[in-house]
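Engineer: Quick one: the structure is below, and I'll ask about it shortly.
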Amino acid sequence: MHMREFIKGLELLSVVDRDMQISTALTLLYAAEREGQHQIDLEERTGLSNAAISRNVSYWSKWKRHK
């Protein structure tokens, strides 16, 4: 991937939420890449802890959006 494409992708994510952390964005992208994954799969792919993945997944839940 060229650097310009990488930057463009990050800019698009920042439109959704300017304060989104990279780990949250990565969790979203990995989850979208393979629908139906289990949380343990996301933990292995990202290298994040169970708690971090839970936080990142809940970030995108309806509960978060209602706040």
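Engineer: Could you tell me how many of the residues in the stretch 4-42 are on the phi < 0 side of the Ramachandran plot, open to solvent by less than 100 Å² (accessible area, probe 1.4 Å) and not acidic (Asp, Glu)?
Structural biologist: First, the residues of the stretch 4-42 that are on the phi < 0 side of the Ramachandran plot: 4-35, 37-42.
Filter once more, keeping what is open to solvent by less than 100 Å² (accessible area, probe 1.4 Å): 7, 9-11, 13-14, 16-17, 20, 23-32, 37, 39-42.
Then keep just the ones that are not acidic (Asp, Glu); that gives 7, 9-10, 13-14, 16, 20, 23-32, 37, 39-40, 42.
Matching residues across the stretch 4-42 total 21.
Engineer: Taking the stretch 26-54, which residues are within 24 Å of Glu11 (Cβ to Cβ) and of a type in the set (D, E, K, R)?
Structural biologist: Within the stretch 26-54, Glu33, Arg45 qualify.
The values are calculated or read from the model by the stated rules, or taken from the named source; none is laboratory data. Treat the numbers as computed from the prediction; the structure is a model and nothing was measured. Cβ sites come from the backbone with ideal geometry, for glycine too, and all protein chains shown count toward neighbours. The area values use the complete protein model at the heavy-atom level, side chains included, leaving out ligands, DNA and RNA. Shrake-Rupley method; radii C 1.70, N 1.55, O 1.52, S 1.80 Å.
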